[in-house]
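Colleague: Mind having a look at this structure? Questions to follow.
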Amino acid sequence: MANVTIIGGGVAGMAAAGVLNKRGHDVTIMEKEMQLGGHVGKWYKVFPDIVDASEIVDELKADLNGVEVKTGTAVESVTKSGGKFRVKGKDADAVLISTGFEPFDATLKEEYGYGIYDNVINSLELDEMLKKGELKTKDGKTPKSVGLVHCVGSRDEKVDNNYCSRVCCTNAIKSGIEIREHYPGTNVFCFYMDVRAYGRGYEELYRKSQEEFGVSFIRSRLSESNEQADKSLLLRVEDSLAGKPMKISVDLLVLMVGMCPSVHAGSLKDSLGLETGDDKFFTTKNKHSKNNESNVKGVFYAGTATGPKSIVEAITDGRAAAA
Amino acid sequence: MPKVSGGRPSVVHASDVIYANIKKIAKKAKYSLDGIKATDHLGCHYAKIFPDESIGGGEFPQLLAGMIEAYGGEIVDYPERRHCCGMGFRQCAFPENRGYTAACVYKKMKSLKKTDPDCKLIITNCPGCGVFLDAEQGTIAQVMGEKFDVHIVDYAQLAGLMLGYDPFKDCGFNVKVVPIEPLLDKIGIEYDKSKTPEERRRPFGPE
């Protein structure tokens with residue numbers, strides 16, 4: 001039986017730990033935050049079935065009996081000698097990197113006004129508002145209209161992120177449904193490039209959001225947003241179906257931010273000599289058959305460390321890595 | 001200031017030079033913009049074409065806003081802040097297209113008035129913007145009967161005013177469509193009130 005250290009206790013890391021634990025390996029999870037669950041642990045409801053994110057985390061936690069969990073432990077480097085590893089003073093035969101992602105910093109798209117205007121928020125802040133049941137503009141009013149901007153920091157050459165973050169479209173659809181469900185007087189406009197609702201049940205959710213909840217989808221790109229005297233936002237968008245510029249006002253603008261590699265991924269890369277792709281996520285040995293193995297023997301990957309993934313994909317990937 | 005990099009020549013705009021020395025100029029200034037609301041209008045050949053070289057980038061250039069702040073003014077942000085001044089030779093050079101020029105200015109002025117009716121000052125760093133934002137207000141007043149009276153002041157004119165140069169003899173405010181006197185009164189700049197506005201504006205050629 002092997003000693004396995006898992007760096008990152010999000011859903012992928014927990015899923016992998018659960019399987020390894022069942023197989024009788026000696027597993028340690030090192031998590032930089034004070035609790036397990038990663039990003040998912042902080043979220044409200046998740047697609048496609050709109051269940052509480054905490055349920056998923058609790059279920060994964062149930063499989064962790066006997067796993068050593070070290071929270072509040074940020075791993076910056078791993079030393080390798082022979083075929084063994086040393087992580088934060090602990091020996092390991094194998095290391096699993098499930099360091100996940102960081103949300104894209106929307107201040108880099110300054111034309112959208114995040115961090116500049118009062119009522120421009122990102123998708124994580126929207127999730128927090130929905131969790132608290134307080135969808136409000138800065139001055140405490142329920143917005144009459146909300147704009148959801150897709151692909152903020154994804155598929156964008158200007159910020160050097162050419163990849164699709166995969167989950168933001170369906171997250172926008174889900175958020176639109178939640179807003180319309182709890183605040184029927186609030187109109188929701190989604191400004192999208194393409195809707196990439198690829199997973200099982202996602203396309204159905206997209207249809208449902210329009211047919212049952214009346215979420216409006218406008219195929220367009222946002223050029224810039226401007227604050228008006230009443231703190232609402234005037235959006236200049238190009239309607240890419242009509243090929244014409246248009247203007248629209250919304251009370252609250254939500255930027256659906258994409259995924260970027262975790263900040264700790266860089267130092268781990270240097271200490272172990274790992275490879276990353278042009279997208280700055282870790283490169284796997286083979287994209288088809290060895291998608292959890294790194295270029296270093298004994299170092300494995302799981303979850304969004306190797307590129308954006310949905311929750312179900314991250315869990316599956318974690319279990320695949322364990323196998 | 002823009003750097004010489006990658007073997008490219010270092011090209012700066014004259015307004016960059018003023019900006020680089022703005023603290024010194026503000027220190028020497030006789031007047032200030034204290035309590036005065038103002039906004040900027042950057043020439044498109046400055047920040048829109050060279051966002052990497054311009055001070056503050058393409059979206060929120062700090063060049064003119066920084067000057068306003070250095071003189072003690074308050075910056076006003078309004079939705080049509082980045083909208084075109086309407087010059088563009090395709091519009092202004094063809095009489096049949098001139099309506100477009102006026103429409104651009106009208107859009108900007110309406111937006112500024114709606115956002116902050118007290119903001120009556122726009123600083124520019126392009127001669128085209130400086131002329132058209134001002135002159136088309138006269139056209140709008142004639143055609144629509146709507147007066148905005150927003151003073152359009154070039155960064156160099158502003159520096160001149162602040163340093164105490166004569167608004168008409170030195171700073172060229174004799175050729176503006178929107179009369180500058182209300183702004184001078186607001187700042188507290190003295191001028192010969194015994195003369196009529198026309199006398200004040202008499203061309204200052206050689207004696």
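Colleague: Shielding by partners for A:215-228, please: the mean number of other protein chain Cβ atoms within 10 Å of each residue's Cβ.
Modeller: If you average over the peptide's residues, the count of other-chain Cβ atoms is 2.
Colleague: About the Cα centre of segment A:138-252, how large is the charge dipole given +1 on each Lys and Arg Cβ and -1 on each Asp and Glu Cβ? Please answer in debye to the nearest 20.
Modeller: For segment A:138-252, the charge dipole is close to 60 debye.
Colleague: Run through the DSSP bridge list for chain A and note the antiparallel percent, rounded to the nearest 5.
Modeller: Values: 29 of 61 bridges.
Counting only bridges with both partners in chain A, antiparallel ones make up about 50 percent.
Colleague: Roughly how many whole Å is it from the C-alpha centroid of segment A:254-286 to that of segment B:125-199?
Modeller: So the two Cα centres are separated by 56 Å.
Colleague: Given the C-alpha centroids of segment A:145-190 and segment A:57-96, what is the distance between them in whole angstrom?
Modeller: Centre-to-centre (Cα) distance: 35 Å.
Colleague: Can you tell which of A:SER223, A:ASN187, A:GLY199 lies farthest toward the positive end of the dipole of segment A:132-230, using +1 and -1 charges on the Cβ of basic and acidic side chains (Lys, Arg; Asp, Glu)?
Modeller: After comparing all options, I get A:GLY199.
Colleague: Sticking with this one: If r is the Cβ-Cβ distance from B:PHE94 to A:GLU157 and R0 is 35 Å, what FRET efficiency results, to the nearest 0.05?
Modeller: After rounding, the FRET efficiency stands at 0.45.
Colleague: Residues in segment A:220-249 near a label at B:GLU59, defined as backbone nitrogen under 18 Å from the 7 Å Cα→Cβ point?
Modeller: A:221-228, A:232-238, A:248
Colleague: Within chain B, which cysteines find no other Cys whose Cβ is under 4.7 angstrom from their own?
Modeller: B:CYS44, B:CYS84, B:CYS92, B:CYS104, B:CYS119, B:CYS171
Colleague: What is the percent of Cα-Cα separations in chain B that go past 25 Å? Spell out each step's value before the answer.
Modeller: On the way: 8351 of 21321 pairs.
For chain B, the fraction of Cα-Cα distances above 25 Å is 39 percent.
Colleague: Explain nothing, just the number: relative contact order of segment A:214-284, from Cα pairs under 8 Å at least 6 residues apart, as a whole percent.
Modeller: Contact order relative to length: 18 percent.
Colleague: Can you pull the one-decimal nm distance between simple spin-label points at B:LYS24 and A:LYS297, each 7 Å off the Cα toward Cβ?
Modeller: About 6.7 nm separates the two model spin labels.
Colleague: Subtract the Cα-Cα distance of A:SER223 and A:GLU238 from 0.36 nm times their separation in residues, and report this length gain in nm to one decimal.
Modeller: So the chain would gain 4.7 nm between A:SER223 and A:GLU238.
Colleague: How would segment A:106-259 be classified by its alpha-carbon gyration tensor: rounded, prolate or oblate, with rounded meaning a/c under 1.5 and the a/b versus b/c comparison settling the rest? Write down the numbers at each step before the final one.
Modeller: Details: a/c = 1.34, a/b = 1.04, b/c = 1.30.
Because its axes are fairly even, with a/c under 1.5, segment A:106-259 counts as rounded.
Colleague: Students often get this wrong, so check it: of A:LYS231/B:LYS48; A:LYS45/A:LYS138; B:LYS107/B:LYS186; B:LYS28/B:LYS108; A:LYS109/A:LYS136, which have C-alpha atoms separated by over 28 Å?
Modeller: Check vs 28 Å cut-off fails for B:LYS28/B:LYS108.
Colleague: Something else about it: What is the calculated FRET efficiency for A:ARG200 to A:HIS288, with r their C-beta to C-beta distance and R₀ = 22 Å, to the nearest 0.05?
Modeller: That pair, A:ARG200 with A:HIS288, gives E of 0.60.
Colleague: Then there is this: Calculated from DSSP H runs of 4 or more alone, at -39500 (n - 2.57) each and per residue, what is the 222 nm mean residue ellipticity of chain A, nearest 500? Walk me through the numbers on the way to the answer.
Modeller: On the way: 7 runs with 76 residues, N = 323.
-7000 deg cm²/dmol, from helical runs alone.
Colleague: What is the extension gain from B:ASP116 to B:GLU146, computed as 0.36 nm multiplied by their sequence separation minus the C-alpha to C-alpha distance, in nm to one decimal?
Modeller: Length gained, B:ASP116 through B:GLU146: 9.1 nm.
Colleague: Over segment A:127-236, with the other protein chains present, what is the accessible area per residue in square angstrom, probe 1.4 angstrom? Working shown, then result.
Modeller: Details: 5060 Å² over 110 residues.
Spelled out: the 1.4 Å probe surface of segment A:127-236, per residue, equals 46 Å².
Colleague: Another question about this same structure. Express the carbon and sulfur contribution to the solvent-accessible surface of segment A:272-323 as a percent, rounded to the nearest whole number, probe 1.4 angstrom.
Modeller: Working: 1240 of 2480 Å².
Of all accessible area on segment A:272-323, carbon and sulfur atoms account for 50 percent.
Colleague: Cβ neighbours within 10 Å, averaged per peptide: list B:61-71, A:192-202 in order, most packed at the top.
Modeller: B:61-71, A:192-202
Colleague: Which percentage, to the nearest 5, of the DSSP beta bridges contained in segment A:106-259 is antiparallel?
Modeller: Once the DSSP bridges in segment A:106-259 are tallied, antiparallel ones form about 45 percent.
Colleague: Specify the longest stretch of chain B that does not include any exposed loop site, a site being one of the trypsin sites (Lys or Arg not before Pro) with a non-H, G, I, E, B DSSP assignment and at most 15 other Cβ atoms within 10 Å.
Modeller: B:49-146
Colleague: Another question, then. For the pair A:MET246 and A:ASP230, how long in nm is the line joining their label points, each one 7 Å along Cα→Cβ?
Modeller: 2.0
Colleague: Shielding by partners for B:73-85, please: the mean number of other protein chain Cβ atoms within 10 Å of each residue's Cβ.
Modeller: 3
Colleague: What is the sum of charges around A:ILE248, taking Lys and Arg as +1, Asp and Glu as -1, for the other residues whose C-beta is under 14 Å from the C-beta of A:ILE248?
Modeller: Here the charged neighbours net out to +2.
Colleague: Provide the gained length on full extension for the span A:LYS208 to A:LYS144, in nm with one decimal, where the gain is 0.36 nm per separating residue minus the Cα-Cα distance.
Modeller: Stretched out fully, the A:LYS208 to A:LYS144 stretch lengthens by 20.9 nm.
Colleague: Could you state how much accessible area is buried at the A-B interface, both sides summed, with a 1.4 Å probe, in Å² to the nearest 100? Don't skip to the answer; put the middle values down first.
Modeller: Numbers: alone 14870 and 11400 Å², together 25330 Å².
About 900 Å² of accessible surface is lost on pairing.
Colleague: Please identify the helices of chain B, taking whole runs of DSSP H, that span at least 15 Å along their own axis as judged from the Cα atoms and have a mean Kyte-Doolittle score of 0.5 or higher.
Modeller: Values: long enough: B:98-115 (26 Å, -0.73); B:127-144 (25 Å, 0.56).
Span-like helices here: B:127-144.
The values are calculated or read from the model by the stated rules, or taken from the named source; none is laboratory data. Only a predicted model underlies this, so the values are computations on that prediction, with no experimental measurement involved. As a convention, Cβ positions derive from the backbone with ideal geometry for all residues, glycine included, and neighbour counts pool all protein chains shown. Ligands, DNA and RNA are excluded from the accessible area calculation, which covers all protein heavy atoms including side chains. Shrake-Rupley method; radii C 1.70, N 1.55, O 1.52, S 1.80 Å.
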